[in-house]
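Here is the structure we will look at.
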Amino acid sequence: MTQLKCLNQTPTSSHNLVHDLRVALMTQQLQMVFQPKVCARTHQTVGAEVLLRWQHPVEGLIAADRWVSLAETHNLMRPLTVWLVNKVIHYLSHAGEGALPLAINVSPTILDGAFALHILNMVSTAGIPPYLLEIEITESAPVTNMTNLANAVRLLQSKGLKVYLDDFGTGYSTMQYLVNVPADGIKIDKSFVQQAPLIPAARLILRSLIELAREIDVTVVCEGVETLEQLTLVKRLGGQIIQGYLTGRPMTPNAFVKSIPVFTMPLYPAGEPDLYKVQAS
Ligand code: C2E
Ligand code: CA
Ligand code: CA
């Protein structure tokens, strides 16, 4: 018994975990959670990002960065993403009127013309309005063919899907993306948002990225907003959409639907507190 317990406590090797991830895809171990995206000006919930959660039967919840890197290196990103797109489209087709757009994460390693067509077919078969499905191109792996990626993005946009560049400012090819891929928006990584109130250089980068987005006329989402201080700063710098623990942690789809009226209320009924003054830098 003791021996068994010890065996169970041994962390699963990555070889086993890859096998387990394949099994998880066919069983009920994968779940989607929604994290609200909120308009910085009105505090209205404007949509959500869909995040995948893997509840391993022995190890418990597996951190996203762990399964993402396994999926990238073992050709599992495509089946995982197809599974998630199916699930999200099924959800949207039953969500009724007033459904808000849901954004899914897609690795640039799988986003080519064939994959874009596959997504579009699923959307049109389900008969949902295409604007309800958004794509966030992640930075979990380098892009192998920027032209193919840009063409796939154009194809998705031509049918009304919005495409965002994720983790902007941190990844393998941030600026190359912006030059070559006609994105509708960028998501500024939480590292800049969280350091901005504390570190002048991070604040300057945040301000520059928001200005850059405004100049090229794309939507800017600021991720990882945890405090009122960060929120106030992001708003003053012109961030349009916020996402973070302050306005909502990732939650079940039901909890998300229930949370919508909460963030349709102003966060500061008595006026915006002057918590943070943006210093000229
Ligand atoms: P991401 O796309 O940048 O997603 C945001 C991550 O930041 C999520 O972590 C979310 O829980 C976390 N987060 C959101 N607000 C806050 C905050 O205020 N503070 C802090 N500290 N964290 C916050 P999560 O779910 O662990 O996902 C990590 C990454 O894994 C994601 O980063 C994304 O790149 C990847 N990922 C998650 N789900 C999927 C998926 O379905 N497909 C793909 N390809 N990648 C996924
Ligand atoms: Ca994302
Ligand atoms: Ca991020």
* Asked: Name the pairs: first residue in the stretch 216-237 and acidic (Asp, Glu), second residue assigned to a strand (DSSP E or B) and within 13 Å of ligand 1 (Cβ to nearest atom), Cβ to Cβ under 7 Å, at least 6 apart or on different chains?
  -> Glu223/Lys187; Glu223/Ile188; Glu223/Gln243
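Do you know which of the residues in the stretch 138-158 that are touching a Ser or Thr at 6+ places or on another chain (Cβ under 8 Å) and either more than 16 Å from ligand 3 (Cβ to nearest atom) or modelled with pLDDT of 95 or more (or both) is farthest from Ile210 (Cα to Cα)?
Filtering the stretch 138-158 down to residues touching a Ser or Thr at 6+ places or on another chain (Cβ under 8 Å) leaves 138-144, 146.
Filter again for either more than 16 Å from ligand 3 (Cβ to nearest atom) or modelled with pLDDT of 95 or more (or both), leaving 142-144, 146.
Details: Pro142: 24, Val143: 24, Thr144: 27, Met146: 24 Å.
Among residues in the stretch 138-158 that are touching a Ser or Thr at 6+ places or on another chain (Cβ under 8 Å) and either more than 16 Å from ligand 3 (Cβ to nearest atom) or modelled with pLDDT of 95 or more (or both), the one farthest from Ile210 (Cα to Cα) is Thr144.
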* **Asp189 being more than 25 Å from Ile260 (Cβ to Cβ) and acidic (Asp, Glu)** => yes
* List, please: which pairs have Cβ atoms under 9 Å, are six or more places apart or on different chains, and start with a residue in the stretch 190-207 that is farther than 20 Å from Ile241 by Cβ and assigned to a helix (DSSP H, G or I) and end with one that is of a type outside the set (Asp, Glu) and modelled with pLDDT under 95? -> Pro200/Gln279; Pro200/Ser281; Ala201/Ser281; Leu204/Ser281
* To do: Can you confirm whether the stretch 60-70 contains a residue that is more than 15 Å from ligand 2 (Cβ to nearest atom) and within 18 Å of Gly171 (Cβ to Cβ)?
  => yes
* Answer yes if at least one residue in the stretch 208-216 is out of contact with any helix residue (DSSP H, G or I) (no Cβ under 6 Å at 6 or more places or on another chain), modelled with pLDDT of 85 or more, within 18 Å of Asn105 (Cα to Cα) and among the basic types (Lys, Arg), and no otherwise. => no
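The values are calculated or read from the model by the stated rules, or taken from the named source; none is laboratory data. Small disclaimer: the values here were computed from a predicted structure and weren't measured. Don't worry about glycine lacking a Cβ; one is built from the backbone with ideal geometry, like all the others, and counts go over all protein chains shown.
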